[in-house]
Structures are given as C-alpha cells and as structure tokens.
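Have a look at the structure below, then the notes.
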Amino acid sequence: MSESTYFMPPEWAFHKATWLSWPYRLESWPGKFEPIPAVFVEIVSWLSCSEEVHINVLDEAMEREVSELLRNSRHEQIRMDRIFLHQIPTNDAWCRDHGPNYVFRQSGEEREKVILDWEFNAWGGKYSPCDDDNAVPERIASLQQLPLVFPGMVLEGGSIDVNGKGLLLTTAACLLNANRNPAMNRQQIEEELGRYLGIEKVLWLGDGIAGDDTDGHVDDMARFVNETTVVIAVEEDPSDINYEPLQENYKLLQSYTDLDGNPLRVVKLPMPFPVYFDGERLPASYANFYIANTVVLVPVYRCSRDRIAIKILQECFPGKEVVGIDCFDLVWGLGAIHCITHEEPL
C-alpha cells in the first residue's frame with residue numbers, strides 16, 4: 001500500500017465555506033465587548049455573498065440570538081441561505097487558531113478531504129480553560145463525517161501561511177517558543193510541517209509585532225497573496241517599537257527564494273498608526289486580512305493609511321473586491337479578521 005501524502009491548499013484556493021466561532025467572552029474585550037457582535041455581523045454578511053459561512057455557537061440560546069442578529073442585519077449583501085449555525089462550544093472566538101485545518105490526503109488514486117487536529121494550548125498556556133477550543137476540530141470532523149488526523153504537535157493556524165507550491169511562512173518567535181513544542185527542534189518541526197501540509201521549504205521570520213499575545217503570529221506580518229508574492233507589513237518610523245523587527249523580517253524575505261531558486265516578489269504594506277486602548281498598544285496590522293472566493297476583507301483602523309493598504313491589496317487581488325472592515329474595536333481583543341476566520345477548501 002502506498003504511503004499517504006498530504007497537501008494544504010493556499011487561502012486563495014476555492015472555498016466551500018468559511019468557519020467562525022461567535023464571540024461571547026467579555027474578558028476578551030474588557031470594557032469594549034458591546035460593539036463586537038456587530039463587527040462579526042458585518043464580516044459574516046460579506047462572507048455570505050462569497051461562500052457558505054459556518055458559525056460555532058455555545059448552545060440553543062446563542063443560536064437563536066445570533067440568528068436574530070443576522071436576520072436583522074442591514075447589510076444588503078447578506079445571504080441567510082448560506083449561513084449555518086452549529087452548537088459546537090468554544091472558549092473564545094479565535095477560530096483561525098482552534099478551528100479545523102483542512103487538507104487533502106492522497107492515497108494511491110484516492111484523494112479525500114481530512115481535518116488535521118493539531119494540539120491547541122491557548123498560545124503557550126496563556127489562557128484557561130481551552131479544552132473546548134482544543135476539541136473544535138474533532139467535533140467538526142464528527143459533524144461533517146470527515147477523517148481526523150492527529151499530528152501530535154501544538155500548532156495554531158495564525159502561525160503559518162502557505163503558497164500551495166511547497167512554501168510555508170512562519171516565525172521562529174512562535175514555532176520555536178519553548179511554550180509550544182519544547183521537545184522538538186527546528187528540523188523536527190519542519191519535518192512535521194512537511195509531512196502533514198505538503199511543505200518542502202519553511203521560510204522563517206523573526207519577531208512579531210508589539211501587542212501580539214501569540215508570540216509572533218505570521219498572519220500579523222507577512223502573507224502570501226499568490227504563489228510567488230508575499231506582502232509584508234513594514235514600519236517606516238525608526239522611533240516605533242515595530243521598526244526594527246519588521247525591517248529585519250523584510251530583509252529576510254528579500255533573501256528567500258522559491259523551490260526553483262527564484263527570489264520571491266516582496267510587496268510592502270504600511271503599518272497603521274499605533275492603536276491603543278487603556279494605554280495598551282494593540283496588534284493592529286493590515287496583514288490580518290482574509291481571502292474569500294470573491295472578496296478580500298481587510299482590517300482598517302480609522303487612519304489615513306487605511307486607503308493606502310486597501311489600494312495595495314486591491315492590486316494584489318485584481319479579480320476580487322477588496323473591502324475594508326473597521327476593526328478599531330475588534331483589535332482590542334488582540335486579533336482581527338484573519339484571526340476569527342478559517343477557510344474550508346472545496
């Protein structure tokens with residue numbers, strides 16, 4: 001019997017659906033939870049005009065509440081016939097990190113969609129409990145009657161980005177952190193990424209942005225927008241705390257090549273002006289966008305650089321509508337649009 005091989009499609013590959021987990025944990029947005037459900041409604045509305053949207057809710061009461069919120073939405077583009085609610089409890093709303101990592105498994109002539117159930121330990125044990133979050137992939141696999149594969153390694157979806165042609169972007173700050181997989185070295189981690197995601201080359205970046213409680217998720221900094229192009233957030237103000245790490249990551253990216261030895265095309269994204277709440281610097285970044293079938297949703301932060309970022313990303317996605325979503329309130333939870341979404345390939 002031939003050995004199975006795995007392949008993770010890039011985010012721009014055609015989606016069957018997008019998955020989210022509905023927000024309810026007041027402590028994630030202390031003193032500022034009230035506007036958060038409306039931001040989710042807007043995001044779901046845009047996604048529903050592009051593809052199916054599946055939303056995890058705690059229980060029947062939350063299902064009724066969310067359904068009513070969506071039905072009463074004033075967003076003209078909302079498609080209620082494409083929105084599905086599932087009573088799958090979560091500890092928090094960050095579906096990128098606890099949600100199902102769909103990949104394709106090839107065994108001989110047979111190709112099937114499976115869910116990888118990576119371990120989730122709440123970003124290195126920072127928050128508790130996280131048992132419901134860790135159980136989400138298993139519960140969705142049961143719901144969809146899809147095979148479940150256990151790599152046996154801690155990994156969050158926001159810590160990786162793939163181009164569908166053997167390359168994976170990540171950060172040493174996160175994946176090599178002792179609070180994730182202390183018994184594994186860089187080579188062992190690369191081997192596991194290769195085995196389960198179809199990766200042939202890992203592109204390692206360094207430190208993440210200020211305010212990021214994930215130890216440096218790559219989806220706040222650098223993202224593939226096609227097989228050969230990466231956009232990277234760059235801070236141009238030398239007095240800003242993000243200046244040195246982002247400039248260093250920019251230089252690293254410029255030194256990297258694809259599997260054929262060709263340099264990557266590297267496109268700069270500006271950073272928004274610093275966003276603070278209660279004196280705390282928040283991880284506001286335009287790189288935390290989400291690529292759906294017909295739209296690209298970009299977090300914006302009520303500043304003049306919003307328009308510049310949208311223009312750059314619209315040039316990267318000529319076949320899609322690039323839409324800015326006000327995430328000034330959402331980012332108080334220390335994440336934005338990519339952090340709350342997870343694609344399901346067709």
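A short reminder: the numbers here are calculations on the coordinates, not readings from a lab. None of the values given here were measured: they were computed from a predicted structure. Positions of Cβ are backbone-derived with ideal geometry, glycine not excepted, and every protein chain shown enters the neighbour counts.
Compute and list, largest first, the equivalent-ellipsoid semi-axes of the chain from the alpha carbon gyration tensor, each √(5λ) rounded to a whole angstrom.
On the way: eigenvalues 144, 133, 80 Å².
Semi-axis lengths for the chain are 27, 26, 20 Å.
For Asp161, enumerate residues with amide H under 5 Å from its amide H, sequence gap 5+ or separate chain, H modeled in the peptide plane.
Residues meeting the criterion, in which the H sits 1.01 Å from N, are Leu169.
For region 5-345, what's the relative contact order in percent, using C-alpha pairs closer than 8 Å and at least 6 residues apart?
After rounding, I find 20 percent.
Restrict the search to region 104-150; then list the GluC sites (Glu not before Pro) that DSSP places in a loop and that have at most 15 other Cβ atoms within 10 Å of their Cβ. Each step should come with its number before you reach the end.
Numbers: sites: Glu109, Glu110, Glu112, Glu119, Glu138; in loops: Glu109.
Answer in residue order: Glu109.
Val53's amide H: which non-local residues (gap 5+, or another chain) put their own amide H closer than 5 Å, with H modeled 1.01 Å from N in plane and none for Pro or chain starts?
Long-range HN contacts for Val53: Thr18, Ile83, Phe84.
What order do you get for 338-346, 299-307 when each peptide is scored by the mean count of other beta carbon atoms within 10 Å, highest first?
338-346, 299-307
So what is the 222 nm mean residue ellipticity for the chain from helices alone, if each DSSP H run of at least 4 adds -39500 (n - 2.57) and you divide by all residues, rounding to the nearest 500 deg cm²/dmol?
-7500 deg cm²/dmol
In angstroms, what radius of gyration and Dmax does region 1-152 have, counting Cα atoms only?
Gyration radius and largest Cα-Cα distance of region 1-152: 16.7, 57 Å.
Go through region 65-82 residue by residue and turn each phi into a ³J(HN,Hα) via Karplus (6.51, -1.76, 1.60, θ = phi - 60°); whole Hz please, and just put x for glycine and proline.
Ordered by residue, 3J(HN,Hα) equals 5, 5, 4, 5, 4, 5, 5, 8, 4, 8, 7, 4, 7, 5, 10, 4, 6, 9 Hz.
Using only Cα atoms, locate the centre of region 1-78 and the centre of region 224-293, then give the distance between them in Å, rounded to an integer.
If you average the Cα positions of each part, the centres end up 25 Å apart.
Aspartates and glutamates near Lys251 by alpha-carbon distance under 14 Å, same-chain residues fewer than 8 away left out - which ones?
Result set, ordered by chain and number: Asp207, Glu235, Glu236.
What ³J(HN,Hα) values, in whole Hz, does the Karplus curve 6.51 cos²θ - 1.76 cosθ + 1.60 give for region 299-314 when θ = phi - 60°, with x put for Gly and Pro?
x, 10, 9, 6, 9, 5, 7, 4, 5, 5, 4, 5, 5, 4, 6, 5
Check Val322: other-chain or 5+ apart residues with amide H under 5 Å from its amide H, H built from backbone geometry?
Distant-sequence amide H within range of Val322: Val296.
With the Cα gyration tensor of region 200-346 in hand, convert its eigenvalues to equivalent ellipsoid semi-axes via √(5λ) and list them largest first in whole Å.
After scaling each eigenvalue by five and taking roots: 23, 19, 14 Å.
Sequence neighbours fewer than 8 away in the same chain don't count; with that in mind, list the lysines whose C-alpha is under 29 Å from Lys113.
Candidates past the 8-residue exclusion: Lys16, Lys165, Lys201, Lys320.
Kirkwood Rh and Cα-based Rg: tell me the resulting Rg over Rh for region 145-200, rounded to two decimals.
Answer for region 145-200: 0.96.
When the Karplus curve 6.51 cos²θ - 1.76 cosθ + 1.60 is applied with θ = phi - 60°, which whole-Hz ³J(HN,Hα) does each residue of region 171-178 get, with x for Gly and Pro?
In residue order, the calculated couplings are 10, 5, 4, 8, 5, 9, 5, 5 Hz.
Using only the alpha-carbon atoms of region 88-162, report the extent along each of the three principal axes, biggest first, to the nearest angstrom.
43, 26, 18
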